[in-house]
Amino acid sequence: MRSASAALAIAGALLAAQAGSAQESEAGERLFATCQACHSLDPAKPGMAGPHLAGLAGRRIGTAEGFDYSPVLRAAGAQGLSWDEERLKAYLADPDSMFKGSWMSAPGLGREADRSALAVFLMRQR
Ligand code: HEC
């Protein structure tokens, strides 16, 4: 009995966590509107000021095909660094301080909840 109720409690917690991230992802999608001036989620869309952000989870930094990156982002990719949720959250807080001399002229996001929601959303885009 005890293990059955523990299992139920765990299942409930997992469901709650999933619901939370689905909500976060929706909030992130709304926030992404401000990024869409420069970023697409469609790798085939030409003429954007920034690289496409499809499949960002696990993607090596500075490697969207056909995009001309700044030396600092290319160097980060060459070192083998890639994007995950934590790195993206830190980047969105202050893009310039993470990659000095990068060409993304967007300000950081001041609210932790916004950074988190955007990171959750972007990590889900294949
Ligand atoms: C004014 C245009 C502009 C806006 C707005 C903008 N970006 Fe960028 N972003 C860029 C450019 C340009 C680069 C490439 C920077 C470089 O090469 O140094 C970039 C790079 C990135 C990268 C690195 C991608 C890679 O392939 O390594 C991420 C992640 C990113 N932006 C996320 C965002 C998010 C999220 C937002 C919205 C909060 C945003 N950007 C808003 C122009 C923009």
Want the number for A113 to F67: 0.36 nm per residue separation, take away the alpha-carbon distance, what's left?
13.6 nm
Report, as a whole number in µm² per second, the diffusion coefficient that Stokes-Einstein gives for the range 2-124 at 20 °C and 1.002 mPa s using the Kirkwood radius over alpha carbon pairs.
136 µm²/s
Size of the dipole of the range 2-124 about the Cα centre, Lys and Arg at +1 and Asp and Glu at -1 on the beta carbon, nothing else charged, in debye to 20?
200 debye
Want the number for R87 to Q36: 0.36 nm per residue separation, take away the alpha-carbon distance, what's left?
16.4 nm
Under a Cβ-only charge scheme (Lys and Arg +1, Asp and Glu -1), can you give me the dipole magnitude of the range 68-126 about the Cα centre, in debye to the nearest 20?
120 debye
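Grab the beta carbon distance between S105 and Q23, set R0 = 35 Å, and tell me the FRET efficiency rounded to 0.05.
0.70
Here, each number is a calculation from the coordinates, and none is a lab measurement. The shown structure was predicted, so the numbers you read here are calculated from the model rather than taken from an experiment. Cβ atoms come from the backbone with ideal geometry, glycine included; neighbour counts cover every protein chain shown.
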